[in-house]
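Working notes for the structure below.
The values are calculated or read from the model by the stated rules, or taken from the named source; none is laboratory data. Since we're looking at a predicted model, the values are computed, not measured. All Cβ positions, glycine included, derive from the backbone under ideal geometry; neighbour counts span all protein chains shown.
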Amino acid sequence: MNGYSMRDRTAARLRDEPARPPAAAIDSERLARIFKALSHPVRVEIVSSLAACAGAFCGDIVRGLPLAQSTVSQHLAILREAGLIEAEENGRCCHYRLTDGARSLVEGAAAELFAAACCAEAPAEASGTRMDACRKDTE
């Protein structure tokens, strides 16, 4: 080891390497909400179930999961915040369904994330040095 800490090497690399181009086309907050919404198996199950039908009442969703109603409601709120599902209130009941653009929202988010990574990649000859620097950080 050369006496430099991982933090020192990382700071030097970030200082010396050219900055990635700004990701003006990416709304990272929106992408994070979508991926957060799909980061839990229960929420994936809810989306998958709603995709297979025209929607479901909250009670039906709760009965299909081994969770308390309050926990399911929290998961539904995260899916709503991400724009993947919508609710129609009918008295004390809520009917949930996928939004019209849910599928394209998820597909577009994944495409946008990977397109941004591709556009910001260094030229092939420079990528080896970047990977070498990353390997040194983990040693």
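Only one of ASP60, ASP100, ASP132 is of a type outside the set (Phe, Trp, Tyr) and modelled with pLDDT under 90; which?
Numbers: ASP60 fails: modelled with pLDDT under 90; ASP100 fails: modelled with pLDDT under 90.
Result: ASP132 is the single residue among ASP60, ASP100, ASP132 that is of a type outside the set (Phe, Trp, Tyr) and modelled with pLDDT under 90.
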task: Please find, within segment 32-87, the residue that is surrounded by the most Cβ atoms within 10 Å (Cβ to Cβ) out of those that are β-branched (Val, Ile, Thr) and more than 19 Å from the chain's Cα centre (by Cα).
output: ILE61
message: List the residue pairs whose Cβ atoms are under 9 Å apart, where the first residue sits in segment 32-59 and is closer than 15 Å to ALA77 by Cβ, the second is of a type in the set (Phe, Trp, Tyr) and not in a loop (DSSP other than H, G, I, E, B), and the two are 6 or more positions apart or on different chains.
response: ILE46/TYR96; LEU50/TYR96; CYS58/TYR96
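Quickly run through segment 57-111 and pick out the residues that are of a type in the set (Val, Ile, Thr) and touching a Ser or Thr at 6+ places or on another chain (Cβ under 8 Å).
So the first thing to find is which residues in segment 57-111 are of a type in the set (Val, Ile, Thr), and the list is 61-62, 71-72, 78, 85, 99, 106.
Those that are of a type in the set (Val, Ile, Thr) and touching a Ser or Thr at 6+ places or on another chain (Cβ under 8 Å): ILE61, ILE85.
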statement: From the option list GLU112, GLU107, GLU86, single residue qualifying as on the phi < 0 side of the Ramachandran plot, modelled with pLDDT of 55 or more and part of a strand (DSSP E or B) is GLU86
